[in-house]
1. Confirm whether residue 138 is modelled with pLDDT under 90, open to solvent by less than 10 Å² (accessible area, probe 1.4 Å), touching a strand residue (DSSP E or B) at 6+ places or on another chain (Cβ under 9 Å) and at negative phi.
2. Go through the range 273-289 residue by residue and tally those that are surrounded by fewer than 17 Cβ atoms within 10 Å (Cβ to Cβ) and either in contact with a Leu (Cβ under 7 Å, 6 or more places away or on another chain) or not polar (S, T, N, Q) (or both).
3. Which of (1) surrounded by 17 or more Cβ atoms within 10 Å (Cβ to Cβ); (2) free of Cβ contacts under 8 Å to residues at least 40 places away in the same chain is the odd one out, the single condition residue 209 does not satisfy?
4. Kindly evaluate residue 148 against the criterion of being under 23 Å from residue 37 (Cβ atoms) and open to solvent by 60 Å² or more (accessible area, probe 1.4 Å).
5. With (1) polar (S, T, N, Q); (2) under 18 Å from residue 364 (Cα atoms); (3) out of contact with any Cys (no Cβ under 6 Å at 6 or more places or on another chain) as the list, and residue 298 as the residue in question, which single condition is left unmet?
6. Please return the ranges of strands (runs of 3 or more DSSP E) entirely within the range 163-212 where 1 or more residues are β-branched (Val, Ile, Thr) and either at pLDDT 90 or above or out of contact with any Leu (no Cβ under 6 Å at 6 or more places or on another chain) (or both).
7. Which residues, taken from the range 161-188, are surrounded by fewer than 24 Cβ atoms within 10 Å (Cβ to Cβ), farther than 21 Å from residue 252 by Cα and of a type outside the set (Asp, Glu)?
Amino acid sequence: MTREAIISINKKYEIIMKKKLLLSIVALLGCIQAGAYTCKIDGICYDCNTQKKTATVTYSGSPYNNEYTGHYISSYTLANKDVVIPSTITYNDVEYTVTAIGDEAFYDCESAILMSSITLPSTITRIGDKAFFRCVNLTTFTIPNSVTSIGNYAFYGCRSLAAISIPNSVTSIGDGAFYNCYGLTAVSIPNSVTSIGNSAFGGCSSLTDLSIPNSVTSIGVWAFQDCVGLTSVDIPNSVTSIGNGAFQNCSSLMDVYCYAKEVPNTNSYAFYQSNIGNATLHVPAASVDNYKTTSPWNKFGNIVPISEKCATPTISFANGKVKVTCATEGAKCVTSIVMAENQTSEDGEIEVSPAFTVSTYATAEGYDDSEVVTATFSWPKTAGDLNEDGHIDISDVTTLVNIILGK
């Protein structure tokens with residue numbers, strides 16, 4: 001090989017190595033930027049958006065090296081167990097509104113801080129991915145009703161969290177959002193939520209009963225896997241699909257109430273290892289046969305019709321008549337009217353105003369009776385002399401009732 005050829009090869013190698021070095025520097029700068037924060041106030045790191053005047057709670061450096069907001073709170077005050085996030089911060093004489101808990105902001109607050117509670121302001125709209133990942137000492141947490149989304153694995157492994165109330169502003173619960181929160185005994189899912197992510201409540205072994213709201217259309221893969229304490233589940237008629245292993249290994253399951261008239265598209269392993277051969281499935285009466293012939297629903301030991309109530313009646317008054325209606329087809333309303341006296345005293349005199357209370361409930365064949373509903377109607381003295389006896393008194397109520405009853 002000639003000297004010129006060797007020089008040429010060396011130059012090519014040098015160019016390649018320079019390119020690799022440049023790429024490494026670019027990647028490193030990207031990493032530094034990802035972990036950057038604008039300011040740190042009371043031990044909490046914020047990333048400020050100077051254009052929108054908003055701030056996101058974030059971390060410094062890499063959360064995987066204990067360089068996160070929780071770490072700095074710990075060094076800021078060793079006695080601080082209750083963390084309060086402000087609604088606004090001021091940095092360089094500019095006020096910023098705190099609108100989000102960023103991804104991994106409090107990641108793995110396991111040893112650096114004994115944070116037991118955290119309070120968020122009503123300005124927060126987003127809780128990011130892994131925001132409170134494995135905050136094992138967190139016992140109390142209130143999600144403000146300004147939050148619209150809960151990120152993936154947001155509360156993963158928060159094993160001391162006993163209860164969580166999700167506000168009706170939230171529309172989606174991310175994958176693994178509450179995975180392995182095995183101290184969680186109660187959860188309230190609002191009717192604003194349309195989807196429950198994969199493994200969202202997997203491993204929540206202390207949950208005993210669960211009601212899924214009528215807004216949810218899909219239940220993700222392994223959504224409630226290993227919820228071994230779960231004994232009862234309500235699935236609304238809005239659900240059209242249930243993922244693989246959604247209720248896998250829910251070994252204590254005794255009753256499942258599925259209100260869907262059309263059998264949901266259900267993975268055959270949705271109830272895998274959940275001992276459903278000893279459980280009872282409750283479904284709409286008209287759909288019993290369909291569930292009995294569809295897997296995995298036909299694996300339930302008992303499939304029985306749901307006892308459905310009549311719709312609650314409504315009471316209205318117009319043109320001197322009370323009207324009672326019920327939305328359930330073929331229902332009859334059983335109505336009673338009770339007269340009452342509204343009395344007031346002024347200068348030793350008692351004025352009696354006509355009043356009556358209407359109570360009603362609906363009944364129909366094949367349905368349980370509805371709830372009882374009541375309404376009270378009253379008129380002041382100037383309402384009129386209904387029986388034309390020259391006086392406005394309780395006797396006018398009797399006249400009014402007779403008019404209503406058609407007597």
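The values are calculated or read from the model by the stated rules, or taken from the named source; none is laboratory data. Keep in mind that what you see is a predicted model, and the values were worked out from it rather than measured. Counting neighbours? That spans all protein chains shown, and the Cβs are built from the backbone with ideal geometry, glycine included. Areas reflect the complete protein model, heavy atoms only, side chains present, ligands, DNA and RNA absent. Shrake-Rupley method; radii C 1.70, N 1.55, O 1.52, S 1.80 Å.
1. Values: modelled with pLDDT under 90: yes; open to solvent by less than 10 Å² (accessible area, probe 1.4 Å): yes; touching a strand residue (DSSP E or B) at 6+ places or on another chain (Cβ under 9 Å): yes; at negative phi: yes.
In short, yes.
2. Adding up the residues that qualify gives 6.
3. The failed condition is (1).
4. The answer is no for residue 148.
5. So residue 298 meets the others, but not (2).
6. Answer list for the range 163-212: 163-165, 186-188.
7. Those that are surrounded by fewer than 24 Cβ atoms within 10 Å (Cβ to Cβ), farther than 21 Å from residue 252 by Cα and of a type outside the set (Asp, Glu): 164, 165, 166, 167, 168, 169, 170, 171, 172.
Residues are listed down the side, and each one gets a yes or a no for (1) closer than 17 Å to residue 208 by Cβ; (2) touching a helix residue (DSSP H, G or I) at 6+ places or on another chain (Cβ under 8 Å); (3) open to solvent by 20 Å² or more (accessible area, probe 1.4 Å):
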site: 230; (1), (2), (3): yes, no, no
site: 235; (1), (2), (3): yes, no, no
site: 241; (1), (2), (3): no, no, yes
site: 256; (1), (2), (3): yes, yes, no
site: 260; (1), (2), (3): no, yes, no
site: 268; (1), (2), (3): no, no, yes
site: 271; (1), (2), (3): no, yes, no
